[in-house]
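Please read the structure below before turning to the comments.
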Amino acid sequence: MKLKELERPAVQAWSPASQYPVYLATGTSAQQLDASFSTNATLEIFEIDFRDSSLDLKHKEILSVSSRFHKLIWGSFGHGLQESAGVIAGGGDNGLLTLYNVTHILSSGQEPLIAQRQKHTGAVRALDFNPFQGNILASGASDSEIFIWDLNNLSVPMTPGSKSQNPPEDIKALSWNRQVQHILSSAHPSGKAVVWDLRKNEPIIKVSDHSSRMNCSGLAWHPDIATQLVLCSEDDRLPVIQLWDLRFASSPLTVLESHSRGILSMSWSQADAELLLSSAKDNQIFCWNLASSEVVYKLPTQNSWCFDVQWCPQNPPVFSAVSFDGWISLYSVMGRSWEVQHRQANKTSSSFSKGQPLPVLQVPEPVAQASLIPPLKKPPKWMRRPAGVSFAFGGKLITFGLPSNPVQQMPQPCPHPVYISQVITESEFLTRSAVLQEALGSGNLLSYCQSKIQQASPPCEKMLWQFLKVTSEHDSRLQFLRLLGFSKDELQRKVDACLKRDLKLGGSPSQFEAVDLKSDGPHTFCHKASKHTAEEASASSAFFDELVPQNMTPWEIPTTEDSEGLLSQALLLGELWPAVELCMKEERFADAIILAQAGGAELLKWTQEHYLAKRRTKISPLLACVIKKNWRDLVCACSLKNWKEALALLLTYSGPENFPELCDMLGTRMELEGGRALTSEARLCHVCSGSVERLVENWEKVQPASCPLALQDLMEKVMVLIRSLELLQGSDKMSPGPATTYRLTQYANLLAAQGSLAIAMSYLPSDCTQPAVQQLRDRLFHAQGSAVLGQQAPTFPFPRVAVGTTLHPKETLSSRLGSQPPHQVPAPSGGPRATAQPSLVMPFTPSYPSPSQGSQLPSTGDYRVPGPQATVPLPFGPGIRSGPQDAWQVAPATRENLQRKKLPETVVPPAPITAPVRSLGPQPRQVSSVSWSPPGAPREGSLQLQQLPPGKTERKTLPPEHQCLKDSFEALLQRCSLSATDLKTKRKLEEAAQRLECLYEKLCEGTLSPHVLAGLHEVARCVDAGHFEQGLAVHAQVAGCSSFSEVSSFMPVLKAVLTIAHKLQG
């Protein structure tokens, strides 16, 4: 591809590789004349801007010179100085060598000429700067003269040795060795190449072709291998390029033969030693691959010879070509063909025509024998990675690199070693994981918990491990009470001490009893009556005499109209209810309780309630809870400062069927109403209830950023609790909930990344069908290699698609509208224990309703092509990263997910989707009263729907397992409405409440797929926790992996509500 062009009859020189920006110097050629036959000479510098798409070069500076040039070269001498751009050396006629300071040329402030020397005989056609010492310049001219110049002292040049050619010849080319700084080579028209050693000042070897037909026009050393060089022949009888190795100097190593006429110049790429440019009298420029000896790039020129080609030192794919017709062109070997350029030129011209045709652009026609081939069949070295690194599954690190030492024999293959190493970045994480695995395997959880208790520094952490330690014991409730600070033995000891103290103050029981016996009171009768013997009772007269002692005062039954009299009358008549009421009115609570016990359970209950209602003391609520056993009121109404006491009451009185739920309720209230400290303490409640899922959710609230060690802390507690519950319940495996599954999968991923594949696989839930878990299990199984020989491979986690099969049109339509069996959606966990929480199931099935379900809907718009279900949805869980949130585009369905079932003849094809998704912004007043329909559904009046039977118009009851969705969303709408201040937001919320009815209808009809339901429950959980940003992420995941027709009626408005809530929260 042509990049730039310049019309100048000149020779060229690129700026050094260290120079920026890129410059190209041109000097008037001594071998060319322009149409004006002018003999003036100039030295010009152009800036090359490859970002500019035009073909023009940016002219920087021009300098008039005294003589024209045969050779021009740009060296880096002086680059160590500040603001130095190097030196340009030019070889002219009559042995003239001229040196210019490029910095002075560009600044136009000082004299740019450094020196002029005329030591040579004839034209100076060969120049080359030493690549190791920028102040050393070699020049060659006629009569086999070679001079070595030191730019620091130009007075007396040195020679590499005596003239070796006899008879003397012109020096056609000079080149310094690229690996050894004191080796110089020269090329001669006779076909010989002489290699000079400047340390010995003599030639050390001569290379020549035995055919004696070589006319050397160019010479170049191998960029990497010190003993190899190339020669090119200008003779039309032998237009070849010879690759020589000085260790085998008897014959060339490789001969390149594709040019039809003599080769005028060549250039060896310093960026890729396999690429060599050559230009010849056949008007062609070839790029050779020396490793395969083939032409990898051809560029036809115009009808003129190209006498000089040079690679750009700064930009490896760019090279310049100078032709005898006075043009300097810049090309790229990574470019396009002539045909593509021609089409681009036509396209460009059409943009400037302004309605009028432009003249036809004359593009040079390539020669017939030069067939254009794609640029560079093999990627060049500058595009290859010299080294690479990539992480693989299981914490493997794959590295590779090119050999540091150059290969001595190019035809031999170059070894490229690849290294595989295990990378461990979390050594402490692995150590703790191994200790946990050992404890779980041996079953010695008590000692493991004891060690964690000793290591724990925060009191709350130590308390949590103490709770976990006693979970596996059968009397765990008593142990929990002791840990909370409530011990029955300690209480008995304190009560006994208190009673002893009271007895000492008031006297002994015997004394009280003696006093009572001697006292004259109504109760003396009872004591005396009990002391009569059987002999005394035998005599009736004596018995009656003793029955009414003489010294006893008789008691009377009051019959007055006051409260005492009314009470005695009620007792006489056996009316215990009025009697108890009188006692309660007079606040004779002890009498009321005694009478109520005689009146039955109902009266006793009524008395207790009224007593507790009247007696308002600090302990009255506690008495009420103990008597009524209303533990829910205790959990919901007690002060969170007394959470330990509330938990102790539940441990003491609550039954086993309600205890887990009540503990979770207390923990949830601590999380929602308490601060960070109470949220952390709520973990004890979840440990007591055995709710693994709640424990994980609590950790996610306290620890939002899951670093490896924090996740290790969680897994230690989770696995100890799970193993304790399994031991108590006698079950082998428990089914974790969605949050626990997500964290277990994350933990397994971390273990796999550190190389612990077998341990990672043991943590994955065995009965989980989430795609992410299945894929990880499959990768872990196959990554272990021979370690899993003999074990059954897990189920293949991806849908199998028959490649190459085509469906009949009718079959395709029927498959799109075919019936699907309704999915049994697992109910969200309402129980407290982890065993009651089903795993989140997301099967690879289309999520559109069956015809039987769709017939109950009021629109035919539900019969739409489902979205792609082959997309693997990530597990819903906290901390998930999702893709774009507006993923509502309908993609073509995969044939694997479509059932091939014939379409009934009565089914009408669905209406196409012609309307976009409606905006979530404010709607006009007159539209807000009209019922909203999904996008693509027929508008009012466009389709006359049949009236459904009365039985089908009744709205179904919302399933109990989905009632929490409606409660959460309606509560969110109410909170947002109360917090919103502007009328626009309130109007949006009102419309959102109406449109969410579509969701509730689908929930009643059961037409939503399992993974959509699971996602909605996850969104509701985020809403309840106040994590609206996380809820938006889950919303985007559900929307991206669901059918458009299934969720388009409620997902946009749900997103709008979450966005409003997030803004109001911020």
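Among the residues of segment 656-670, is any on the phi < 0 side of the Ramachandran plot, out of contact with any Phe, Trp or Tyr (no Cβ under 7 Å at 6 or more places or on another chain), at pLDDT below 85 and of a type in the set (Gly, Ala, Ser)?
no
Please enumerate the residues belonging to segment 1027-1066 that are more than 21 Å from the chain's Cα centre (by Cα), within 25 Å of residue 669 (Cβ to Cβ) and open to solvent by less than 20 Å² (accessible area, probe 1.4 Å).
Of everything in segment 1027-1066, those that are more than 21 Å from the chain's Cα centre (by Cα), within 25 Å of residue 669 (Cβ to Cβ) and open to solvent by less than 20 Å² (accessible area, probe 1.4 Å) turn out to be 1058, 1061.
Please go through segment 204-240 and give me each residue that is basic (Lys, Arg) and either assigned to a loop (DSSP other than H, G, I, E, B) or under 53 Å from the mean Cα position of the chain (by Cα) (or both), ordered by number.
213, 237 - these are the residues of segment 204-240 that are basic (Lys, Arg) and either assigned to a loop (DSSP other than H, G, I, E, B) or under 53 Å from the mean Cα position of the chain (by Cα) (or both).
Restricting segment 606-623 to residues that are surrounded by fewer than 13 Cβ atoms within 10 Å (Cβ to Cβ) and of a type in the set (A, V, I, L, M, F, W, C), which is farthest from residue 578 (Cα to Cα)?
The qualifying residue farthest from residue 578 (Cα to Cα) is 619.
Across segment 444-465, what is the number of residues that are of a type outside the set (Lys, Arg) and open to solvent by less than 50 Å² (accessible area, probe 1.4 Å)?
Step one: filter segment 444-465 for residues of a type outside the set (Lys, Arg), giving 444-451, 453-461, 463-465.
Pick out the ones that are also open to solvent by less than 50 Å² (accessible area, probe 1.4 Å) and you get 445, 448-449, 451, 453, 456, 460-461, 463-465.
The number of residues fulfilling the criteria is 11.
Can you name the residue in segment 672-711 that is acidic (Asp, Glu) and farther than 20 Å from residue 736 by Cβ and, of all such residues, is surrounded by the fewest Cβ atoms within 10 Å (Cβ to Cβ)? Please lay out each step first, then the result.
Going residue by residue through segment 672-711, those that are acidic (Asp, Glu) are 673, 681, 693, 697, 700.
Add one more test, that the residue is farther than 20 Å from residue 736 by Cβ, and what stays is 673, 681.
Numbers: 673: 10, 681: 21.
Step by step, filter segment 672-711, then rank; the result is 673.
Inspect segment 561-568 for any residue being part of a loop (DSSP other than H, G, I, E, B), farther than 30 Å from residue 637 by Cβ and open to solvent by 100 Å² or more (accessible area, probe 1.4 Å) and give the result as yes or no.
Yes, there is a match, as at least one residue in segment 561-568 is part of a loop (DSSP other than H, G, I, E, B), farther than 30 Å from residue 637 by Cβ and open to solvent by 100 Å² or more (accessible area, probe 1.4 Å).
Go through segment 123-165 and report how many residues are in a loop (DSSP other than H, G, I, E, B) and not β-branched (Val, Ile, Thr). Talk me through it step by step, then tell me what you get.
Here is the first cut: in segment 123-165, the residues in a loop (DSSP other than H, G, I, E, B) are 123-125, 130-135, 141-145, 151-152, 159-165.
Adding the requirement that they be not β-branched (Val, Ile, Thr) leaves 123, 125, 130-135, 141-145, 151-152, 160-165.
Residues that pass the stated criteria total 21.
Of all residues in segment 301-319, count the ones that are open to solvent by less than 10 Å² (accessible area, probe 1.4 Å) and touching an Asp or Glu at 6+ places or on another chain (Cβ under 9 Å).
0
Here is a yes/no grid of residues against (1) open to solvent by less than 20 Å² (accessible area, probe 1.4 Å); (2) small (Gly, Ala, Ser):
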{"site": "186", "(1), (2)": "yes, yes"}
{"site": "197", "(1), (2)": "yes, no"}
{"site": "215", "(1), (2)": "no, no"}
{"site": "221", "(1), (2)": "yes, no"}
{"site": "224", "(1), (2)": "no, no"}
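So which residues in segment 766-791 are in a loop (DSSP other than H, G, I, E, B), at pLDDT below 85 and either under 21 Å from residue 423 (Cβ atoms) or not aliphatic (A, V, I, L, M) (or both), if there are any at all?
So in segment 766-791, the residues in a loop (DSSP other than H, G, I, E, B) come out as 766-770, 784, 789-791.
Among the residues that remain, those that are also at pLDDT below 85 are: 766-770, 789-791.
Matches in segment 766-791: 766, 767, 768, 769, 770, 790, 791.
Suppose we keep only residues that are touching a strand residue (DSSP E or B) at 6+ places or on another chain (Cβ under 8 Å) and in contact (Cβ under 8 Å) with a residue 60 or more places away in the chain within segment 33-52. Which one would you say is farthest from residue 74 (Cα to Cα)?
50
In this structure, is residue 317 farther than 18 Å from residue 222 by Cβ, in contact (Cβ under 8 Å) with a residue 12 or more places away in the chain and in contact with a helix residue (DSSP H, G or I) (Cβ under 9 Å, 6 or more places away or on another chain)?
yes
Could you run through segment 960-983 and say how many residues are in contact with a helix residue (DSSP H, G or I) (Cβ under 7 Å, 6 or more places away or on another chain) and open to solvent by 30 Å² or more (accessible area, probe 1.4 Å)?
Total meeting the criteria: 4.
Being open to solvent by 30 Å² or more (accessible area, probe 1.4 Å) and either assigned to a strand (DSSP E or B) or over 15 Å from residue 264 (Cα atoms) (or both) is the filter here; which residues of segment 166-184 pass it?
Passing the criteria: 166, 167, 168, 169, 170, 178, 179, 180, 181, 182.
Name every residue in segment 984-1001 that is open to solvent by less than 40 Å² (accessible area, probe 1.4 Å) and over 10 Å from residue 1050 (Cα atoms), in order of residue number.
Those that are open to solvent by less than 40 Å² (accessible area, probe 1.4 Å) and over 10 Å from residue 1050 (Cα atoms): 985, 989, 991.
Tell me which helices (runs of 4 or more DSSP H) are completely within segment 981-1051 and hold 2 or more residues being modelled with pLDDT under 85, or say none if there are none.
Of the helices (runs of 4 or more DSSP H) lying wholly inside segment 981-1051, those with at least 2 residues that are modelled with pLDDT under 85 span 983-995, 1010-1025, 1028-1040, 1044-1047.
Strands (runs of 3 or more DSSP E) wholly in segment 241-310 with at least 2 residues that are touching a Pro at 6+ places or on another chain (Cβ under 7 Å) - which ones?
241-245, 263-268, 275-280, 294-300
Scan segment 612-629 and give yes if some residue there is touching a residue at least 12 places away in the same chain (Cβ under 8 Å), under 30 Å from residue 572 (Cα atoms), assigned to a helix (DSSP H, G or I) and not hydroxyl-bearing (Ser, Thr, Tyr), otherwise no.
yes
Six or more apart or on different chains, Cβ under 7 Å: which pairs go from a residue in segment 93-115 that's without any contact (Cβ under 8 Å) to a residue 12 or more places away in the chain to one that's crowded, with 20+ Cβ neighbours inside 10 Å? Could you list them?
What qualifies is 104/112.
Could you tell me which numbered condition residue 90 fails, if it satisfies all but one of (1) under 26 Å from residue 316 (Cα atoms); (2) in a loop (DSSP other than H, G, I, E, B)?
(2)
For a quick check of your reading of the model, give me the residue pairs whose first member lies in segment 758-783 and is farther than 15 Å from residue 798 by Cβ, whose second is open to solvent by 50 Å² or more (accessible area, probe 1.4 Å), with beta-carbon atoms closer than 7 Å and at least 6 apart or on different chains.
Close Cβ pairs satisfying both conditions: 758/787; 759/437; 766/733; 783/393.
List the number of the failed condition for residue 736; all other conditions in (1) in a helix (DSSP H, G or I); (2) within 21 Å of residue 1027 (Cβ to Cβ); (3) not charged (D, E, K, R) hold.
(1)
Condition first: of a type in the set (Val, Ile, Thr) and at pLDDT 80 or above. Can you find one or more residues in segment 617-634 that meet it?
No, the conditions are met nowhere in segment 617-634.
The values are calculated or read from the model by the stated rules, or taken from the named source; none is laboratory data. Quick caveat, the model's predicted, so the values are computed rather than measured. Quick reminder, even Gly has a Cβ in these numbers, built from the backbone with ideal geometry, and neighbours come from all protein chains shown. SASA here: full protein model, heavy atoms, side chains in, ligands and nucleic acids out. Shrake-Rupley method; radii C 1.70, N 1.55, O 1.52, S 1.80 Å.
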